[in-house]
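Below you'll find the structure I mean.
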Amino acid sequence: VKWATGLNTAVVQSLLLDPPYWVDAGTGLQPDKQHWSLTASFVFTNLKIWVNATRGERAIAGWDDDMCCHQNFSMSVRASVDCNMDSGFGNIRLSMVHMDRVEMTSRAVSMPFGTLVV
């Protein structure tokens, strides 16, 4: 990837805060921490990624171009964290819930005399 632009075109579709719940630390005593989780869904409306592909030191014809994303690109991530009464919130864990399939396209066309980029 040479560069990406349009990261500032992310539009928040939804924010969902799950109700926190108590977690037992395995002691069998009263639960000592709460688990919190927030899911954020958003769509990039103008994400552009420039890709430059090579085979060894040689560039592959047609693969030095803006190849992604020619339509809206959506994804959802979840941030989870445990909170206990002694130390507060711990480390945040981030996980991918959903991501659209990445469509990589090239304007290169194979011709009998070589590759033509249109």
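Nothing in this text is a laboratory measurement; each read-out follows from the coordinates by a stated rule. No experiment lies behind these values; they were computed from the predicted model shown. Using ideal geometry, Cβ is built from the backbone for each residue, glycine included, and neighbour counts are taken over all protein chains shown.
Which length gain, in nm to one decimal place, applies between THR5 and ASN46 when the Cα-Cα distance is subtracted from 0.36 nm times their residue separation?
Details: separation 41, 0.36 × 41 = 14.76 nm, distance 0.81 nm.
Extra length available between THR5 and ASN46 comes to 14.0 nm.
Give me the net charge for the shell around TYR21: Cβ to Cβ below 12 angstrom, other residues only, Lys and Arg +1, Asp and Glu -1. Write out the running numbers ahead of the final one.
Details: positive: LYS33; negative: ASP18, ASP24, ASP82.
Every neighbour counted, the sum reads -2.
Would you mind getting me the FRET efficiency between HIS98 and GLU57? Use the beta-carbon distance for r and R0 = 25 Å, nearest 0.05.
0.10
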